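This report refers to the structure that appears directly beneath it.
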Amino acid sequence: MLTIDTSSDFGKRVLRHLDDDVVVWLTTSRPGMAPQPSPVWFLWHDDALLMFSQPGTPKLRNIAANPNVALNFNCTPEGGDVVVMTATAEVLAEQPAADVVDIYLTKYAHNIERLGSTPDAFLQAYSAPVLITPTSLRGH
């Protein structure tokens, strides 16, 4: 498990990204192919990131073949505030606890509505929960 030094400026910026950002770039690898980055919605909870995916997507097939992934947050236009994590990803067999799902849905309520969807419809379409556990951290 990754420990974030919250006493450092860098650690504080990492936590700000984890708490406040709406999108993180998840990079998975197709066997024998180039890495595939995808912007994903996420929730930082219990030292891991939770995301939901539509079943059968390339990113899920990539995770099944190779659970080692990378995550990066958008940096400033000048190239500052860089945060990159490596992690392991696991497609969960069961849905997370209802209170955790509710926190996720609250975070993305506006975005789900903008898609013309409802929380229930979103969870039906994005029914594959993925737990991403960071293993290393770098940036500046």
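A few notes on this one:
- What the Cα convex hull of region 22-140 gives, in volume per residue, is 119 Å³.
- The chain - percent relative contact order, Cα under 8 Å, separation 6 or more: 29
- Our coupling estimate for region 38-43, obtained by passing each phi through the Karplus curve with A = 6.51, B = -1.76, C = 1.60 and θ = phi - 60°, is 9, x, 9, 7, 8, 10 Hz, Gly and Pro reported as x.
- Per-q log10 I(q)/I(0), region 54-98, q = 0.16, 0.23, 0.27, 0.30 Å⁻¹ (Debye; single scatterer per alpha-carbon; no solvent): -0.62, -0.87, -0.96, -1.05
- The loop-placed GluC sites (Glu not before Pro) in region 45-140, going by DSSP, that have at most 10 neighbouring Cβ atoms within 10 Å of their Cβ come out as GLU78, GLU94.
- Extension gain for ALA70 to ALA109 (0.36 nm times residue separation, less C-alpha to C-alpha distance): 11.4 nm.
- Note on ASP47/VAL100: beta-carbon distance plugged into 1/(1 + (r/R0)^6) with R0 of 22 Å gives a FRET efficiency of 0.95.
Coordinate-derived values only; no laboratory data. If you're wondering where the values come from, they're calculated on a predicted model, not measured in any experiment. So basically every Cβ, Gly included, is an ideal-geometry build from the backbone, and we count neighbours across all protein chains shown.
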